[in-house]
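The values are calculated or read from the model by the stated rules, or taken from the named source; none is laboratory data. Keep in mind the model is a prediction, meaning the values are calculated, not measured. Cβ sites come from the backbone with ideal geometry, for glycine too, and all protein chains shown count toward neighbours. What goes into the accessible areas is simple: the full protein's heavy atoms, side chains included, and nothing from ligands, DNA or RNA. Shrake-Rupley method; radii C 1.70, N 1.55, O 1.52, S 1.80 Å.
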Amino acid sequence: MTDPRFAYTIHATDGRARTGTIAMRRGEIRTPAFMPVGTAATVKAMKPADVRASGADVILGNTYHLMLRPGAERMDRLGGLHAFMGWNRPILTDSGGYQVMSLGDLTKKSEEGVAFKSHLDGSRHMLTPERSMEVQRLLGSDIVMAFDECTAFPATAEQAEASMERSMRWAARSRAGFDGGGDHAARSALFGIQQGSMFEGLRRRSSEALTAIGFDGYAVGGLAVGEGQAEMFRVLDFAVDMLPQSAPRYLMGVGKPDDIVGAVMRGIDMFDCVLPTRSGRNGQAFTWDGPVNIRNARHAEDLAPLDPTCGCGACSGWSRAYLHHLVRSGEMLGAMLMTEHNLYFYQAVMAGLRQAIAEARLEAFAADFLARYRRPATG
């Protein structure tokens, strides 16, 4: 019997790559999927309808930022994150673990959780596995992430082992906290997070612990933290297949378009990253012919579109010269149009990957994409 709460179906495979569908009550998520990041209940510079028009099936919200402002309890009183921001499709919320760990001297870790000072006003808070589950429940997210400790990089084997083992204890507490969530637990999904830094044995132990607890999906955590693409791919070469084949696999915080293509080839199904929105606000566009810095003087009188193969509003309505002017002038329309293009491009890459897997031609698609994308920059 199909689970109406969360059902993952693999439609086709090509090598280690898969394409499929995650069915949830708020809609289907086509995989491989890229999730635009809506940190503070907004995908920056974009209206929700425009995010959906780009091809996004799901977005990501941030537990840490939303619990501080406007506050999880307030969000609940206002009807939850979906109603608050006007997005009626699935939302995945991260656990807040990465953000609190990145606060450095503002935090104090213990077995209970992480005590921290808000970066906004210095107020004191405690984030535990149980509180993370509660906050995500109050937000009303569809996919909840277990609370974990993002292992620092670089880490010794001993440091990575201690961090991984704590994350696995927190994963069990997250599972119990989520399951106690009543109606929210009955209609949402919970993902566990594999840790173990760069060490194969630790990744295997983490996967075995998570599988024993049981989750709807599994994330690969602790990558995209400064190790570089070659090392990330080396870890993915062994880490992904340690996770259940029948569940979606999510690579957190990744990444550049060529990172995504390589990770899909290694069996990853879901991605998120701030790069397309952040880069758009800073004048960088991603195109099939590689990144373009629209601030460069060569674009000042270029009447060509940003990408002639793209159907976004920025490419169909304005020239590189106009985008150059907007961005150099600091006009907010520049950030809006550049962001819109980047999100359209990322979703076009995902659609291309899905189609290539379905047609058993992923290797050729990837080779063609990378050869064109990595050509010497002209932008």
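PHE233 falls short on exactly one of the conditions (1) surrounded by fewer than 22 Cβ atoms within 10 Å (Cβ to Cβ); (2) touching a residue at least 12 places away in the same chain (Cβ under 8 Å); (3) not in a helix (DSSP H, G or I), and that condition is (3). Take the residues of the stretch 239-255 that are open to solvent by 10 Å² or more (accessible area, probe 1.4 Å) and assigned to a helix (DSSP H, G or I): which is farthest from GLN195 (Cα to Cα)? Ranking the qualifying residues of the stretch 239-255, first place goes to ASP241.
Given the structure, is GLY55 assigned to a loop (DSSP other than H, G, I, E, B), closer than 30 Å to ALA351 by Cα, under 16 Å from the mean Cα position of the chain (by Cα) and small (Gly, Ala, Ser)? Give the steps one after another, and end with the answer.
On the way: assigned to a loop (DSSP other than H, G, I, E, B): yes; closer than 30 Å to ALA351 by Cα: yes; under 16 Å from the mean Cα position of the chain (by Cα): yes; small (Gly, Ala, Ser): yes.
Answer is yes for this residue.
Filter the stretch 142-196 down to the residues that are of a type in the set (Val, Ile, Thr), at pLDDT 95 or above and farther than 23 Å from GLU28 by Cβ and list them by number.
Just the residues of the stretch 142-196 that are of a type in the set (Val, Ile, Thr), to begin with: 143-144, 151, 156, 193.
This time we only want the ones that are at pLDDT 95 or above, so: 143-144, 156, 193.
Result: THR156, ILE193.
Just to be sure before I move on: is TYR373 open to solvent by less than 30 Å² (accessible area, probe 1.4 Å) and in contact with a Gly (Cβ under 6 Å, 6 or more places away or on another chain) in the structure I sent?
Working: open to solvent by less than 30 Å² (accessible area, probe 1.4 Å): yes; in contact with a Gly (Cβ under 6 Å, 6 or more places away or on another chain): yes.
Here the answer is yes, as TYR373 does meet what is asked.
Of all residues in the stretch 162-180, those satisfying the criterion of being within 20 Å of GLU227 (Cα to Cα) and crowded, with 20+ Cβ neighbours inside 10 Å are SER163, MET164. Within the stretch 64-82, is there a residue that is part of a strand (DSSP E or B) and of a type in the set (A, V, I, L, M, F, W, C)? Checking the stretch 64-82: not a single residue is part of a strand (DSSP E or B) and of a type in the set (A, V, I, L, M, F, W, C).
State the number of residues belonging to the stretch 98-127 that are assigned to a loop (DSSP other than H, G, I, E, B), of a type outside the set (Ser, Thr, Tyr) and without any contact (Cβ under 8 Å) to a residue 12 or more places away in the chain. Write out each step before concluding.
So the first thing to find is which residues in the stretch 98-127 are assigned to a loop (DSSP other than H, G, I, E, B), and the list is 102-103, 110-113, 118-123.
Retained after the next criterion (residues that are of a type outside the set (Ser, Thr, Tyr)): 103, 111-113, 119-122.
Right, trim to without any contact (Cβ under 8 Å) to a residue 12 or more places away in the chain and you get 121-122.
Residues that pass the stated criteria total 2.
Any residue at all in the stretch 141-152 that is within 14 Å of TYR98 (Cβ to Cβ), open to solvent by 20 Å² or more (accessible area, probe 1.4 Å) and in contact with a helix residue (DSSP H, G or I) (Cβ under 7 Å, 6 or more places away or on another chain)? Yes, that holds for at least one residue.
With the requirement that a residue be of a type in the set (A, V, I, L, M, F, W, C), in contact with a Phe, Trp or Tyr (Cβ under 9 Å, 6 or more places away or on another chain) and either buried (at least 24 other Cβ atoms within 10 Å of the Cβ) or under 14 Å from ALA171 (Cα atoms) (or both), what does the stretch 196-220 give you?
Restricting attention to the stretch 196-220, the residues satisfying the condition of being of a type in the set (A, V, I, L, M, F, W, C) are 198-199, 202, 209-210, 212-213, 215, 219-220.
Then drop every residue that is not in contact with a Phe, Trp or Tyr (Cβ under 9 Å, 6 or more places away or on another chain), which leaves 198, 210, 215, 219-220.
Those that are of a type in the set (A, V, I, L, M, F, W, C), in contact with a Phe, Trp or Tyr (Cβ under 9 Å, 6 or more places away or on another chain) and either buried (at least 24 other Cβ atoms within 10 Å of the Cβ) or under 14 Å from ALA171 (Cα atoms) (or both): LEU210, PHE215, ALA219, VAL220.
Can you confirm whether the stretch 333-344 contains a residue that is closer than 30 Å to ALA239 by Cβ, out of contact with any His (no Cβ under 8 Å at 6 or more places or on another chain) and either modelled with pLDDT of 95 or more or among the hydrophobic types (A, V, I, L, M, F, W, C) (or both)?
Yes, some residue in the stretch 333-344 is closer than 30 Å to ALA239 by Cβ, out of contact with any His (no Cβ under 8 Å at 6 or more places or on another chain) and either modelled with pLDDT of 95 or more or among the hydrophobic types (A, V, I, L, M, F, W, C) (or both).
Out of ASP3, ASP50, I need the residue that is over 14 Å from the mean Cα position of the chain (by Cα) and not in a loop (DSSP other than H, G, I, E, B). Which one? Talk me through it step by step, then tell me what you get.
Values: ASP3 fails: not in a loop (DSSP other than H, G, I, E, B).
Going through ASP3, ASP50 in turn, just one is over 14 Å from the mean Cα position of the chain (by Cα) and not in a loop (DSSP other than H, G, I, E, B): ASP50.
Is there a residue being under 12 Å from the mean Cα position of the chain (by Cα), under 12 Å from ASN342 (Cα atoms) and outside any helix (DSSP H, G or I) anywhere in the stretch 256-271? Yes, because at least one residue in the stretch 256-271 is under 12 Å from the mean Cα position of the chain (by Cα), under 12 Å from ASN342 (Cα atoms) and outside any helix (DSSP H, G or I). Filtering ARG18, ARG89 for residues that are more than 17 Å from the chain's Cα centre (by Cα) and among the basic types (Lys, Arg) leaves a single hit, ARG18.
Is at least one residue of the stretch 123-136 open to solvent by 40 Å² or more (accessible area, probe 1.4 Å) and in contact with a Leu (Cβ under 6 Å, 6 or more places away or on another chain)? The answer is no; no qualifying residue exists. May I ask you to verify whether GLY140 is on the phi > 0 side of the Ramachandran plot and free of Cβ contacts under 8 Å to residues at least 60 places away in the same chain? Considered against the rule, which asks whether it is on the phi > 0 side of the Ramachandran plot and free of Cβ contacts under 8 Å to residues at least 60 places away in the same chain, GLY140 comes out as no.
Here is a yes/no grid of residues against (1) crowded, with 24+ Cβ neighbours inside 10 Å; (2) outside any helix (DSSP H, G or I); (3) in contact (Cβ under 8 Å) with a residue 40 or more places away in the chain:
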site: SER279; (1), (2), (3): no, no, yes
site: PRO305; (1), (2), (3): no, yes, no
site: PRO308; (1), (2), (3): no, yes, no
site: ALA314; (1), (2), (3): yes, no, no
site: GLU340; (1), (2), (3): yes, no, yes
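Quick check, is MET85 open to solvent by 10 Å² or more (accessible area, probe 1.4 Å), out of contact with any Pro (no Cβ under 7 Å at 6 or more places or on another chain) and aliphatic (A, V, I, L, M)? The answer is no for MET85.
Restricted to the stretch 83-97, and to residues there that are in contact with an Asp or Glu (Cβ under 9 Å, 6 or more places away or on another chain) and either basic (Lys, Arg) or part of a helix (DSSP H, G or I) (or both), the residue that is farthest from GLY221 (Cα to Cα) is ARG89. Only one of the numbered conditions (1) hydroxyl-bearing (Ser, Thr, Tyr); (2) within 22 Å of ALA358 (Cα to Cα); (3) at pLDDT below 95 is not met by THR39, and that is (2).
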